[in-house]
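Single-structure report; data block below.
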Number of protein chains: 2
Amino acid sequence: MKWDELGAQPCSVARTLAVFGDRWTLMILRDCFLGVRRFDAFQARLGLSRALLADRLKGLTDAGVLERRTYQTGPERFEYRLTPAGIDFYPVVLGLANWGNRHLGDGRGAPLIHRHKTCDHDFVPVTTCSHCGDVVEARDVSVRPGPGFADPRAPQPKSAPASPS
Amino acid sequence: MKWDELGAQPCSVARTLAVFGDRWTLMILRDCFLGVRRFDAFQARLGLSRALLADRLKGLTDAGVLERRTYQTGPERFEYRLTPAGIDFYPVVLGLANWGNRHLGDGRGAPLIHRHKTCDHDFVPVTTCSHCGDVVEARDVSVRPGPGFADPRAPQPKSAPASPS
């Protein structure tokens, strides 16, 4: 299987990784959540080439995760803003940061402290169940095929399927 | 900046991506949470080359995310099990799946349904605050430098720093 086939897999993790599964893409998104919006600012922070950055920003814009907005005319300048779909990715970014804080620290403590402005306390993210509100851990979860399930090993339908009769 | 420098960045997202930021690595982890443990099973499901799979499994084992255990002797065979640190990554995998379900569906519904066995209901993950228990959204969060913070643009200390006096 090649990477460009992954987006078609009937698995939401695979589909999501086809959009975000590049490390630069995820670092760009991290910066978006830290308030970075402009090409030169991304480039200065991340130190990747302009061509690579332009490619990744275009990918995120094409995917509907970022939106390119004009912030200056003459000459025209753009900034990149998270769309609602992009903002919805925040739990993943927060989860990546929290895992790193717990397991990859250098002994000095977290590089960034997250504060929940609503209750005005520092916090770590806790993943809970939408039904009962309790903490969800991997061992508490079972999965079953849903309506969008198809066996990825099964023969794929042709683009012009035979008549069913 | 090159990828092998990212692990040293004082950012927990960057550090985490230095371990997991490869799409195959994340697909392997998805499979681990679905109960896959053996080399041939990963290979049959993912369709990547044996060399690439061996490399990614070694990376996850070296990082302490998977543990290689003997399940048969003569000939010796190994399986790969999530360590406690690996299990701790579940919120990220669940978050990736949930985002895909919400934003990248093909109109048929979720490929996989998640059930919270504790309350016996289907659920989606909700990210909440460890202090107040309320739902956390990106706009509700502020960040500030923590004890592990260092400006990545600042000069790096030499391996043999000069005496402070």
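We did not get these values from a lab; they are worked out from the coordinates using the rules stated. Model, not experiment: these values are computed from the prediction. Here Cβ is always computed from backbone atoms with ideal geometry, including for glycine, and neighbour counts include all displayed protein chains.
Values as computed for the structure displayed
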{"item": "Long-range amide H partners of A:Leu66 with built H, under 5 Å", "result": "A:Thr61, A:Thr83"}
{"item": "Separation of alpha-carbon centers, segment A:86-124 and segment B:53-108, rounded to whole Å", "result": "22 Å"}
{"item": "Built amide H within the under 5 Å cut-off of B:Ala110, gap 5+", "result": "A:Gly148"}
{"item": "Vicinal HN-Hα couplings computed from phi for segment B:79-91 (Karplus, 6.51 cos²θ - 1.76 cosθ + 1.60; Hz; Gly/Pro x)", "result": "10, 10, 10, 5, 7, x, 5, x, 4, 5, 7, 3, x"}
{"item": "Copy-to-copy label separations for B:Ala44, where each label sits 7 Å from Cα toward Cβ, in nm and ascending", "result": "5.4"}
{"item": "Amide H within-cut-off set for A:Arg77, under 5 Å, with H built and near neighbours excluded", "result": "A:Tyr71, A:Gln72"}
{"item": "Dipole magnitude of segment B:1-115, debye to nearest 20 (Cβ charges: Lys/Arg +1, Asp/Glu -1, about Cα centre)", "result": "320 debye"}
{"item": "Ratio of Rg to Rh over segment B:3-140 (Cα coordinates, Kirkwood Rh, two decimals)", "result": "1.00"}
{"item": "Inter-copy label distances at A:Asp106 (7 Å, Cα→Cβ; nm, one decimal)", "result": "4.6"}
{"item": "Theoretical FRET efficiency, 1/(1+(r/R0)^6), r = Cβ-Cβ of A:Asp140 and B:Arg69, R0 22 Å, to 0.05", "result": "0.40"}
{"item": "Number of partner chain Cβ atoms within 10 Å, mean per residue of B:27-39", "result": "2"}
{"item": "Cβ-based exposure ranking for B:Asp22, B:Asp120, in which fewest neighbours within 10 Å come first", "result": "B:Asp120, B:Asp22"}
{"item": "Fully extended contour minus Cα-Cα distance, from B:Asp40 to B:Asp122, at 0.36 nm per residue", "result": "26.4 nm"}
{"item": "Hydrodynamic radius by Kirkwood, which averages 1/r over all alpha carbon pairs of segment A:1-83, in angstrom", "result": "13.6 Å"}
{"item": "Cα-based equivalent ellipsoid of segment A:89-140: semi-axis lengths in Å, sorted from largest, via gyration tensor", "result": "22, 16, 10"}
